[in-house]
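Below: the structure, in structure tokens.
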Amino acid sequence: MSASVSTSEAYDRCEAITRAQAANFYYGIRLLPRERRRAMSAAYAFARRIDDIGDGELPHDRKLALLQQSAEQLAKLERTGAPPRGEPDDPVLVALADAHRRFSLPAGALGELIEGVRMDVEGVSYERFEELELYCRRVAGAIGRVCLAIFVKRPAAAQDQDRLEALADDLGVALQLTNILRDVREDAENGRVYLPAEDLRRFGVVPDGGMAASARLLAARAAEQGDSLGELVRFEAERAEQWFERGLPLLGLLDRRSAACVAAMAGIYHRLLHRIEQDPERALRTRTSLSGREKVLVALRSIAGGRA
């Protein structure tokens, strides 16, 4: 049996995961003090594990079993403040348990992420935007609430905390919508459609049909570069822009370094959104991204207190 991993080793592993797999996220959290940066890395590493289950090649039932196992591990960790018994050598759970103790991470938030990924595995589709909004709040807004616990040292008054969480949720929706628009063609080719069915019909992109049929049609339309799909992407980008405007006031309620961290992460995604909105046809041909130099510029501007 392997020896228990130390807390320091566990955090090192989580930071390595974050650095390797989440360039956009890491550009933001590297601006934080060490203790908070490491806690953010632990939360990311757990979220990455959940996402990998959902996006992997395992059979449907095996994915659901692993998500259930992760949910049970998380519930025990939140209840006891320690890694589940039998998991002393799991660096992600060891680091997350320590972060949970240090920062009083909100119970249930990461569990909502698991439920969001479960929706992916079950092939849930979205008729109206309000249904997609629920998904976005589960997979991104929940992470925002975890981040708040790490950023805000002292408990706020109840009404202030409610406002902070609402703004974090709104910003999470903006980030997730940007992710969805960046990956429209790739998701469709993999059999997934996130755009609301009512919008697909409104713009004449995909008629009524099940998930598989809609995904095939959407992938074909993306390859054809039809005007209607470009118009739909621009429409959804304008909607995401409204969510950024709703969520970005969060920056003014955080301390300087936390605000810089959020501004860097949000700024990178905001630039991606602008690029998609300006040329949706190009965004459908190739995955939109920023260069390392652009990300550095966004981070530097966030440090100076400006929006990117």
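Values quoted throughout were computed directly from the atomic coordinates according to the rules given, and no laboratory measurement underlies them. Small disclaimer: the values here were computed from a predicted structure and weren't measured. All Cβ positions, even for glycine, are placed from backbone atoms using ideal geometry, and neighbour counts span all protein chains on display.
Charged neighbours of E130, selected by a Cβ distance under 13 Å, balance to -2 (K, R count +1; D, E count -1).
GNM, the chain, Cα, under 10 Å: largest mean-square fluctuation among T178, T80, T288? Of the options given, T80 has the highest mean-square fluctuation.
Taken over the Cα atoms of the chain, the convex hull encloses 127 Å³ per residue. In the range 126-255 the Cα-Cα distances spread across 5 Å bins starting at 0 as 2, 11, 19, 21, 15, 11, 8, 7, 5, 2, 0 percent of all pairs. Phi angles across the range 230-238 convert, under the Karplus curve 6.51 cos²θ - 1.76 cosθ + 1.60 with θ = phi - 60°, into 3J(HN,Hα) values of x, 5, 5, 4, 5, 4, 5, 5, 5 Hz, Gly and Pro given as x. Pairs of C-alpha atoms in the range 53-96 farther apart than 17 Å represent 38 percent of all such pairs.
With respect to the chain, whose longest principal axis is taken over its alpha-carbon atoms, helix 142-151 is tilted by about 40°.
Pairwise Cα distances in the range 1-78 exceed 21 Å in 39 percent of cases. Note on the range 183-289: Kirkwood radius taken over Cα pairs, Stokes-Einstein applied at 20 °C and 1.002 mPa s, translational D equal to 143 µm² s⁻¹. Using the Cβ of P84 as centre and a radius below 10 Å, the other residues enclosed give a net charge of 0, where K and R count +1 and D and E count -1. Each residue of the range 189-205 was assigned a 3J(HN,Hα) from its phi angle through the Karplus curve 6.51 cos²θ - 1.76 cosθ + 1.60 (θ = phi - 60°); the sequence is 5, 9, x, 10, 10, 9, 4, x, 4, 5, 6, 4, 6, 4, 8, x, 8 Hz, with glycine and proline shown as x. Both radii come from the Cα set of the range 12-132: Rg as radius of gyration, Rh as Kirkwood radius; their ratio Rg/Rh reads 0.98. Beyond 15 Å, the tail of the calculated P(r) for the range 234-308 holds 56 percent of the Cα pairs. Computed over Cα pairs, the Kirkwood radius of the range 158-229 leads via Stokes-Einstein (1.002 mPa s, 20 °C) to a diffusion coefficient of 158 µm² per second. Phi angles across the range 102-109 convert, under the Karplus curve 6.51 cos²θ - 1.76 cosθ + 1.60 with θ = phi - 60°, into 3J(HN,Hα) values of 5, 10, 6, 4, x, 4, x, 5 Hz, Gly and Pro given as x. In a GNM of the chain with a 10 Å cut-off on Cα contacts, which of A95, A220, A259 has the highest mean-square fluctuation? It is A220. So what is log10(I(q)/I(0)) for the range 69-184 at q = 0.11, 0.15, 0.16, 0.20 1/Å, when the Debye sum runs over its Cα atoms only? Calculated log10 I(q)/I(0) at the listed q: -0.42, -0.75, -0.83, -1.12. When all alpha carbon pairs of the range 255-296 are counted in 5 Å bins from zero, the resulting P(r) reads 5, 22, 25, 19, 15, 8, 4, 2 %.
Remark: the A166-R85 segment gains 25.7 nm on full extension, using 0.36 nm per residue and subtracting the alpha carbon distance.
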